[in-house]
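Structure first, then comments.
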Amino acid sequence: MFKNKHAIITATVVIAIVIIGGALIHSRQPVSLLADVKYATSGYNDNGSIDVTNGLDTKGKIRDEVIELAGKREKLSKAQITSLQNGDENGVSPSTIDAIDKDYRNISIDFNKSTLLKNGDKVSLYIKDKNAKPLVKSEKKTVTVKGLEKTKTISTNQILKQVKVQAIGFNGKGTLTAYYVSKRGLPAIKIKASKFKNLKNNDTVDLKISLRNSEDGIIFKGSHKKSLKINHLLNLAQITNTKAAETTVYKTVYANQKGNYAGSGAFKLTAHQYFIKPITHTYMKSSGKFGTETSNYLSIKSHPTHATVAIGLLSNSNLDEGEDDNYSFDEYTFHVNSNGKIMISKKLSDSSAFEDSGFGSGSEYAKDVIKNNKQFELN
């Protein structure tokens, strides 16, 4: 009986040792954090991201658990561990803090890819512990990306359906312009031209299109370049309706000058001659650098006038025969449509296209004006 009793006691002790030993071994096994990791997606399809929302740097369950594991390894009390979890290092030696911090920094929770994602992508969530004696298990989990917002894809051809780029003005002196056909749903864009001054028909200009700002939900796909063949630039010989423009200028000058001169008889203009000159414009944006006027970027505005001309009138409004000092040159701006027709307006604006057309006074001045503008003379 004694023997049986002794055997029972021995068996009980052995079982107790096994249980205690097993508990100690288990307590030293790396802990799994995988089930506790939370993550979230954000952004737009094809440009989305995924991030851990309760990582080691975020106050919460995982952070507290790792601090607890590291603290127990350093044989800290429960109260000391709680203090560290609350951000209070008082009561813990600096060497212990350093040891815990080293253990802590050797653990990472991250995705193998976290940006430029689209719905349906498969990414891997890794938990890694590089400590010689790991506190947590190194594990991997596959995650399917979902919940990203829809994106809008845009191409150069789509942009150029909503933004019209064309050459305007006169052959050899043409320029580029751009305007919105429809701005609806279009992101802010920039259009850079390889050439924008002194264009002539059959020239080729290279356009480079880019988004002005990095806009969420917009993906610019395909080539960002486009070639533009220059055509429809006007020649002066194509300009029509010049007689109506001359009449408008004449009446304007007459109305302005009537009554300005003393003497008998009705006011009249004599010895008059008309001239027509193209006016060139540049529809470009400034580069923003001091002293630099253009940077080859088109200024996208409303539909511009196809071309502009100045009509000049050289006149002698002298009432007294024999006088030679009342020659004057007046000029006004007219818009021209793409067919070359001068658009007559009742309200004219002054022009300065013929500045320095002549020097001196009287008939000598008139001769200089005619000489300097022979190529622009209207018959």
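The values are calculated or read from the model by the stated rules, or taken from the named source; none is laboratory data. None of these values were measured; they are calculated from a predicted model. All Cβ positions, even for glycine, are placed from backbone atoms using ideal geometry, and neighbour counts span all protein chains on display. Just the protein is used for accessible areas: all its heavy atoms, side chains included, with ligands, DNA and RNA removed. Shrake-Rupley method; radii C 1.70, N 1.55, O 1.52, S 1.80 Å.
Put simply, of VAL66, VAL143, VAL123 the only residue that is assigned to a helix (DSSP H, G or I) and either modelled with pLDDT of 95 or more or closer than 22 Å to LYS38 by Cα (or both) is VAL66.
Looking across the stretch 213-227, the residues that are open to solvent by less than 100 Å² (accessible area, probe 1.4 Å), without any contact (Cβ under 8 Å) to a residue 60 or more places away in the chain and part of a loop (DSSP other than H, G, I, E, B) come down to ASN213, GLU215.
Within the stretch 330-338, does at least one residue satisfy the condition of being part of a loop (DSSP other than H, G, I, E, B), modelled with pLDDT under 80 and of a type outside the set (Asp, Glu)? No, the stretch 330-338 contains no residue that is part of a loop (DSSP other than H, G, I, E, B), modelled with pLDDT under 80 and of a type outside the set (Asp, Glu).
Residues that are open to solvent by 50 Å² or more (accessible area, probe 1.4 Å), within 29 Å of the chain's Cα centre (by Cα) and polar (S, T, N, Q) within the stretch 42-54 comprise SER42, ASN47, listed in sequence order. With respect to the stated conditions, ASN235 is touching a residue at least 12 places away in the same chain (Cβ under 8 Å), loosely packed, with under 13 Cβ neighbours inside 10 Å and touching a Phe, Trp or Tyr at 6+ places or on another chain (Cβ under 9 Å).
Of everything in the stretch 158-195, what is free of Cβ contacts under 8 Å to residues at least 60 places away in the same chain and within 16 Å of the chain's Cα centre (by Cα)? Give them in sequence order. Listed by number, the residues that qualify are ILE159, LYS183, GLY185, LEU186, PRO187, ALA188.
Just to be sure before I move on: is ASP129 under 25 Å from ALA40 (Cβ atoms), surrounded by 14 or more Cβ atoms within 10 Å (Cβ to Cβ) and acidic (Asp, Glu) in the structure I sent? Answer is yes for this residue.
Looking at ASN231, ASN241, ASN198, ASN235 in this structure, which one is more than 16 Å from the chain's Cα centre (by Cα) and over 23 Å from THR282 (Cα atoms)?
Numbers: ASN231 fails: over 23 Å from THR282 (Cα atoms); ASN198 fails: over 23 Å from THR282 (Cα atoms); ASN235 fails: over 23 Å from THR282 (Cα atoms).
From the options ASN231, ASN241, ASN198, ASN235, the qualifying one is ASN241.
Within the stretch 158-171, the set of residues being out of contact with any Phe, Trp or Tyr (no Cβ under 7 Å at 6 or more places or on another chain) and either open to solvent by less than 30 Å² (accessible area, probe 1.4 Å) or not in a loop (DSSP other than H, G, I, E, B) (or both) comprises GLN158, ILE159, LEU160, LYS161, VAL165, GLN166, ALA167, ILE168, GLY169, PHE170. Remark: pairs (first residue in the stretch 99-116, closer than 18 Å to ALA132 by Cα and open to solvent by less than 40 Å² (accessible area, probe 1.4 Å); second residue in a strand (DSSP E or B) and among the basic types (Lys, Arg); Cβ separation under 9 Å; 6+ apart in sequence or on different chains) = ILE107/LYS128; ILE109/LYS128.
Of the numbered criteria (1) over 30 Å from the mean Cα position of the chain (by Cα); (2) more than 30 Å from ASN235 (Cα to Cα); (3) surrounded by 13 or more Cβ atoms within 10 Å (Cβ to Cβ); (4) of a type in the set (S, T, N, Q), the one SER155 fails is (1).
Kindly establish whether ALA132 is touching an Asp or Glu at 6+ places or on another chain (Cβ under 7 Å), over 16 Å from LEU56 (Cα atoms) and aliphatic (A, V, I, L, M). Let's see the steps before the verdict.
Details: touching an Asp or Glu at 6+ places or on another chain (Cβ under 7 Å): no; over 16 Å from LEU56 (Cα atoms): yes; aliphatic (A, V, I, L, M): yes.
Judged against the criteria, ALA132 is not a match.
Only one of the numbered conditions (1) more than 18 Å from ALA178 (Cα to Cα); (2) in a strand (DSSP E or B); (3) of a type outside the set (A, V, I, L, M); (4) at pLDDT 80 or above is not met by THR308, and that is (1).
Remark: LYS59 falls outside the filter, which requires a residue to be open to solvent by 70 Å² or more (accessible area, probe 1.4 Å), over 21 Å from GLY147 (Cβ atoms) and not in a loop (DSSP other than H, G, I, E, B).
Quick one: would you say THR142 is at negative phi, among the β-branched types (Val, Ile, Thr) and touching a Ser or Thr at 6+ places or on another chain (Cβ under 7 Å)? Criteria met by THR142.
Filtered by the rule that a residue be open to solvent by 50 Å² or more (accessible area, probe 1.4 Å) and at pLDDT 80 or above, the stretch 287-300 gives a lone residue, TYR297.
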